[in-house]
Amino acid sequence: MFKKVMLPIDLEEAEMTRQAIKTALEIAGPNAELRLVNVQAMLPATFIDYGPPDYEGEVRLVAEKQIAEIAGKINFPRDRVSTIVKIGSVYDEALTEAKEWGADLIVICSNRPTLATYLLGSNAAKIVRHATCSVLVVRR
């Protein structure tokens, strides 16, 4: 059984988020902890002068509210569900959080690969390749 299950989630992909949570709940141990992680993109340096002064702070507040709503709907003890919002690249921040939090499983949803994914790689593929813990990829 897994004790610390991390779920990198995309707030724009509600169905995939539901699938990842459902899967995590099915395989998590009875005393497991769940950690929902959302990563928001940084404003590109070329646009910093044109964005709001506290762009990252504003983005973080909106994302924290959304991820808290998702976590509140999970049928799991509240004291064992946590959330965090990071700013940066998805795979880097997710891998860093998994290591720092001590995850023993990452459950991530991924779409079927397209030609662009084969050429550029997806966040899920990078997480699978570089994670130091087990990773379960859930397909839509």
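Each reported figure results from applying straightforward, stated rules to the coordinates on display, with no laboratory input. All figures in this text were calculated on a predicted structure; none of them were measured in a lab. So basically every Cβ, Gly included, is an ideal-geometry build from the backbone, and we count neighbours across all protein chains shown.
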**Difference of contour (0.36 nm per residue) and Cα-Cα distance, V137 to K73** = 20.8 nm
**Message:** Can you give me the distance in nm between label points at K65 and S89, each placed 7 Å from the Cα along the Cα-to-Cβ direction?
**Reply:** 3.1 nm
**Asked** Counting Lys +1, Arg +1, Asp -1, Glu -1, what net charge surrounds R60 among other residues with beta carbon under 13 Å of its beta carbon?
**Response** -3
